[in-house]
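The structure under discussion appears below in the form of structure tokens.
The values are calculated or read from the model by the stated rules, or taken from the named source; none is laboratory data. Quick caveat, the model's predicted, so the values are computed rather than measured. Note that we place each Cβ from the backbone using ideal geometry, even for glycine, and neighbour counts take in every protein chain shown.
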Amino acid sequence: MRAKQALGIVSAFALALSGCGGGGGSTSPVVTPPPPPPTPTAAYAVPPQVALSTTEVEQIIAQAANEARARSLPSVIAVTDRVGNVLGVFNMNGARATLAVPSPKSGINFDVQGLSFIPAGAGAIAKAVTGAYLSSAGNAFSTRTASQIVQEHFPPAPTTAGLESGPLYGVQFSSLPCSDLVTRFGAGGSAAMIGPKRTPLGLSADAGGLPLYKNGVLVGGIGVMGDGNYGFDANILDVDNEDEEFIALAGTVGFDAPVDIRADRISVDGTLLRFSDATTAGLRGGTAPSFASINGSLGSLVAVRGYTAGSIIAGAAYGSEASGYRAATAAEFSNRDAFILTDGSGNSRFPIRAGTDGAAVTQPLSAAESRAILEEAFLIMTRARAQIRRPLDSRAQVTISLVDSFGAVLGVVRSPDAPIFGTDVSLQKARTVGFFSNPQAAAQLQANPSADVRGMLVAARTFFNDNNILTGQTAWADRAIGNVSRPYFPDGEVGRPKGPFSRNILDFNPFSTGLQSAMVIQNLGEHVSFVLGISANDTPARCTQTPDAAPGQNRTQNGLQIFPGGVPVYRGSTLVGAIGVSGDGIDQDDMISFLGTHNAGARVGGIGNAPSAIRSDNLVVRLADGANVRLRYVSCPFAPFLDTAEQNVCQGR
């Protein structure tokens with residue numbers, strides 16, 4: 001824009017000079033000034049404010065229940081809106097009351113592996129939320145898609161051993177019931193529909209969860225739990241015949257995802273993702289009866305403690321104040337495209353503010369510095385090419401979260417159509433890199449009451465041959481944390497040892513990843529007991545047993561995240577905060593967090609990325625065979641921008 005302005009001014013000046021040349025008594029021509037620059041336009045389309053009505057929720061449930069009857073598989077069927085509100089749970093007569101989580105190959109269960117008393121309604125809700133949270137106007141993902149991207153090899157199949165783990169390995173432990181970011185059913189007043197809501201089991205990888213659309217607009221998800229097996233698909237080379245997936249698909253008739261944005265039109269590292277193995281040609285139910293005719297005869301609406309009172313409600317329209325997400329005002333955020341999280345009464349839930357960690361940091365982040373980091377990261381996002389969005393060459397859409405060194409939220413901002421899952425995940429990423437980079441990390445892990453957690457700290461000291469690991473001498477990016485949280489190190493190389501924060505490969509499945517899952521297992525147990533009615537008290541909004549950084553403030557309050565997209569923020573050599581990004585591809589997430597921090601430092605001075613000498617890519621691990629393996633810091637796309645052909649954009653920053 002400035003270049004065009006300058007060119008116009010130079011041209012006008014040249015014309016004026018030419019009029020002053022020879023020619024005796026000639027008159028200088030009138031010079032027309034260049035036109036003013038055009039008014040900036042929005043970079044993103046805002047999704048229409050559309051929601052499911054109670055009649056539509058009834059129709060979806062009736063269609064799914066009719067297919068379940070045709071398949072002789074009584075099921076629990078859940079429908080949610082885009083921001084996770086449970087709009088109805090229907091329990092068919094004879095449906096299994098509980099689900100079972102698979103055990104690992106070793107048969108030795110860790111965390112939630114092997115549990116068989118979890119309510120089936122919890123699984124159905126988790127599947128519905130997953131279908132809604134992973135999707136957007138540019139991509140439609142399912143629980144089958146989730147299964148593909150969270151396992152130890154990508155793509156998962158018996159023939160793919162030796163490949164790296166899924167790009168979103170660990171995302172299943174997000175939007176947890178203990179998260180302090182997500183909201184809870186029964187909050188009362190205008191906050192009742194505020195999202196994002198939590199999910200009872202995190203995100204699901206079990207087929208039978210699909211997104212719901214109205215005229216191409218994402219409005220929610222459907223989840224079905226019927227066979228009692230809450231697992232994942234370990235082999236994508238075959239086509240499964242999953243009754244639960246057909247039942248969910250029947251529910252989406254008339255509310256199905258646009259074909260062009262489904263996961264099977266989107267590739268990651270050259271591999272097409274999966275959406276559904278079920279097809280409409282395989283449906284058996286025929287025309288569905290009315291909901292009124294089946295409610296009370298084929299099954300009935302049920303309450304799920306902590307999620308629904310047992311009735312059908314209409315969904316919240318995403319983008320409305322009532323949904324918990326809306327466009328930011330100019331005072332809240334400078335970029336006209338920005339969306340923020342709100343409290344239902346017009347107030348930002350996470351307004352941009354200064355750091356709260358003055359007791360530990362000489363000069364905390366100021367409000368102006370916080371704003372600069374978030375604004376610069378947002379600007380990088382608007383220039384970046386999306387990885388998991390249709391059409392090709394769409395702009396990336398993500399959520400960006402900033403925290404101080406105590407883990408206190410200093411601001412959350414997002415693009416209009418960023419997938420909802422990235423809200424909680426971006427905060428997890430910020431807090432995770434802030435926690436690992438903090439001088440108190442080792443001491444806080446040592447103070448965790450879980451022997452499992454403390455054992456992983458001991459394993460890390462051995463792995464790095466350094467008794468001072470996690471005491472502040474290293475700036476950890478989330479990519480590096482992921483490097484040492486995989487069941488093979490280096491990632492995917494079969495036969496190599498595990499990372500110190502991972503389970504052994506024979507003890508691993510997506511329900512037990514290592515430190516990430518061990519940190520929250522007590523919370524998950526407390527919550528399941530609450531849903532079952534065994535305990536009167538729900539788990540607190542505090543996903544960890546590690547000590548607080550300050551009274552009431554914990555560095556890992558919504559859990560850890562172990563895939564890329566977060567970096568710490570430093571003032572010189574002092575950790576003062578961390579930024580996390582999630583939504584549209586892990587390399588893009590890395591780049592937005594890294595360049596956003598760098599550009600903010602260039603803009604305001606005094607802050608920026610960690611000094612190169614202390615970044616985690618300086619850590620070299622010597623393996624038993626003598627090989628040396630260096631950790632990573634960030635990995636940015638080679639030519640990521642839509643407005644320039646610039647390459648190697650993170651080099652030297």
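For region 379-407, the set of residues classified as in contact (Cβ under 8 Å) with a residue 24 or more places away in the chain, surrounded by fewer than 23 Cβ atoms within 10 Å (Cβ to Cβ) and of a type in the set (A, V, I, L, M, F, W, C) consists of Leu379 only.
Restricted to helices (runs of 4 or more DSSP H) entirely inside region 447-563, those with at least 3 residues that are small (Gly, Ala, Ser) and under 29 Å from Tyr633 (Cβ atoms) are 451-464. When Val259 is tested against (1) touching a helix residue (DSSP H, G or I) at 6+ places or on another chain (Cβ under 9 Å); (2) closer than 25 Å to Ile586 by Cβ; (3) free of Cβ contacts under 8 Å to residues at least 12 places away in the same chain, exactly one condition is not met: (2). Taking every residue in region 243-255 that is on the phi > 0 side of the Ramachandran plot and pairing it with any residue that is surrounded by fewer than 21 Cβ atoms within 10 Å (Cβ to Cβ), at least 6 positions away or on another chain, the pairs with Cβ-Cβ distances below 8 Å are Gly254/Gln59.
Residues that are acidic (Asp, Glu) and more than 16 Å from Ser174 (Cβ to Cβ) within region 585-595 comprise Asp587, Asp590, listed in sequence order. Taking region 115-144 as the search range and keeping residues that are assigned to a loop (DSSP other than H, G, I, E, B) and not hydrophobic (A, V, I, L, M, F, W, C), which one is surrounded by the most Cβ atoms within 10 Å (Cβ to Cβ)? Of everything passing the filter in region 115-144, Ser142 is surrounded by the most Cβ atoms within 10 Å (Cβ to Cβ).
For the subset of region 333-367 comprising residues that are of a type in the set (D, E, K, R) and touching a strand residue (DSSP E or B) at 6+ places or on another chain (Cβ under 6 Å), which member is farthest from Met381 (Cα to Cα)? This residue is Asp357.
Each row is one residue, and each column tells you yes or no for (1) in contact with a strand residue (DSSP E or B) (Cβ under 8 Å, 6 or more places away or on another chain); (2) among the polar types (S, T, N, Q).
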| position | (1), (2) |
| --- | --- |
| Gly577 | yes, no |
| Ser582 | yes, yes |
| Ser612 | no, yes |
| Gly626 | no, no |
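Out of the residues in region 445-467 meeting the condition of being among the polar types (S, T, N, Q) and buried (at least 16 other Cβ atoms within 10 Å of the Cβ), tell me which one is nearest to Asn618 (Cα to Cα). Step by step, filter region 445-467, then rank; the result is Asn448.
Here's a check for you: in region 184-196, which residue that is surrounded by fewer than 24 Cβ atoms within 10 Å (Cβ to Cβ), at negative phi and not aliphatic (A, V, I, L, M) is modelled with the lowest pLDDT? The qualifying residue modelled with the lowest pLDDT is Ser190. When region 262-291 is filtered for residues that are more than 21 Å from the chain's Cα centre (by Cα), touching a residue at least 12 places away in the same chain (Cβ under 8 Å) and in a helix (DSSP H, G or I), the ones remaining, listed by number, are Thr280, Gly282, Phe291.
Given the condition outside the structural domain of Phe421 (by TED's automatic domain parsing), among the small types (Gly, Ala, Ser), surrounded by 24 or more Cβ atoms within 10 Å (Cβ to Cβ) and more than 25 Å from Ala65 (Cβ to Cβ), answer yes or no: does some residue in region 265-282 qualify? No - not one qualifying residue is present in region 265-282.
Within region 107-114, is there a residue that is over 20 Å from the mean Cα position of the chain (by Cα), in a strand (DSSP E or B) and modelled with pLDDT of 95 or more? Taking every residue of region 107-114 in turn, none turns out to be over 20 Å from the mean Cα position of the chain (by Cα), in a strand (DSSP E or B) and modelled with pLDDT of 95 or more. The strands (runs of 3 or more DSSP E) found entirely in region 305-411 that carry 1 or more residues being among the β-branched types (Val, Ile, Thr) and at negative phi are 339-341, 399-404.
Regarding region 204-213, can at least one residue be identified that is crowded, with 21+ Cβ neighbours inside 10 Å, touching a strand residue (DSSP E or B) at 6+ places or on another chain (Cβ under 8 Å) and of a type in the set (A, V, I, L, M)? Yes, region 204-213 contains a residue that is crowded, with 21+ Cβ neighbours inside 10 Å, touching a strand residue (DSSP E or B) at 6+ places or on another chain (Cβ under 8 Å) and of a type in the set (A, V, I, L, M).
Residues of region 573-597 that are modelled with pLDDT of 95 or more and assigned to a loop (DSSP other than H, G, I, E, B): Ser573, Gly583. Of the residues making up region 607-653, those that are under 26 Å from Ala578 (Cβ atoms), among the small types (Gly, Ala, Ser) and not assigned by TED's automatic domain parsing to the domain that holds Ala430 number 2.
Yes/no matrix, rows are residues, columns are (1) at pLDDT 95 or above; (2) of a type in the set (Ser, Thr, Tyr); (3) closer than 30 Å to Asn139 by Cα:
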site	(1), (2), (3)
Gln5	no, no, no
Thr41	no, yes, yes
Pro47	yes, no, yes
Ala64	yes, no, yes
Ala70	yes, no, no
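Consider region 527-550 and keep the residues that are over 25 Å from Val403 (Cβ atoms) and crowded, with 19+ Cβ neighbours inside 10 Å. The one that is nearest to the chain's Cα centre (by Cα) is Val528.
Please determine whether any residue of region 354-368 is closer than 27 Å to Gly84 by Cα, modelled with pLDDT of 95 or more and outside the structural domain of Ala128 (by TED's automatic domain parsing). The answer is no, given that none of the residues of region 354-368 is closer than 27 Å to Gly84 by Cα, modelled with pLDDT of 95 or more and outside the structural domain of Ala128 (by TED's automatic domain parsing). For the structure I just gave you, tell me whether Asp491 is under 20 Å from the mean Cα position of the chain (by Cα), among the acidic types (Asp, Glu) and assigned by TED's automatic domain parsing to the domain that holds Asp625. Taking the combined requirement at face value, the residue does not satisfy it. Within region 622-653, the set of residues being free of Cβ contacts under 8 Å to residues at least 24 places away in the same chain and within 26 Å of the chain's Cα centre (by Cα) comprises Phe638, Ala639, Asn648.
The residues of region 444-479 that are under 16 Å from Pro547 (Cβ atoms) and of a type outside the set (Val, Ile, Thr), listed by number, are Gln444, Leu445, Gln446, Ala447, Asn448, Pro449, Ser450, Arg454, Leu457, Leu470.
Looking at Ala624, Ala639, Ala600, Ala613, which one is surrounded by fewer than 21 Cβ atoms within 10 Å (Cβ to Cβ) and assigned to a helix (DSSP H, G or I)? Answer to the check: Ala613.
The residue of region 601-621 that is nearest to Glu376 (Cα to Cα), among those that are touching a residue at least 12 places away in the same chain (Cβ under 8 Å) and of a type in the set (A, V, I, L, M, F, W, C), is Val604. Restricting Thr342, Thr432, Thr399 to those that are under 17 Å from the mean Cα position of the chain (by Cα), within 25 Å of Val50 (Cα to Cα), of a type outside the set (D, E, K, R) and in the same structural domain as Arg479 (by TED's automatic domain parsing) reduces the list to Thr399.
Every listed requirement among (1) under 28 Å from Leu176 (Cα atoms); (2) surrounded by fewer than 17 Cβ atoms within 10 Å (Cβ to Cβ) is met by Gly577 save one, (2).
Taking first residues from region 585-600 that are closer than 17 Å to Gln647 by Cβ and in the same structural domain as Met381 (by TED's automatic domain parsing) and partners that are surrounded by fewer than 24 Cβ atoms within 10 Å (Cβ to Cβ) and among the small types (Gly, Ala, Ser), the Cβ contacts under 7 Å between residues at least 6 apart in sequence or on separate chains come to Asp587/Ser635; Asp590/Ser635; His598/Gly608.
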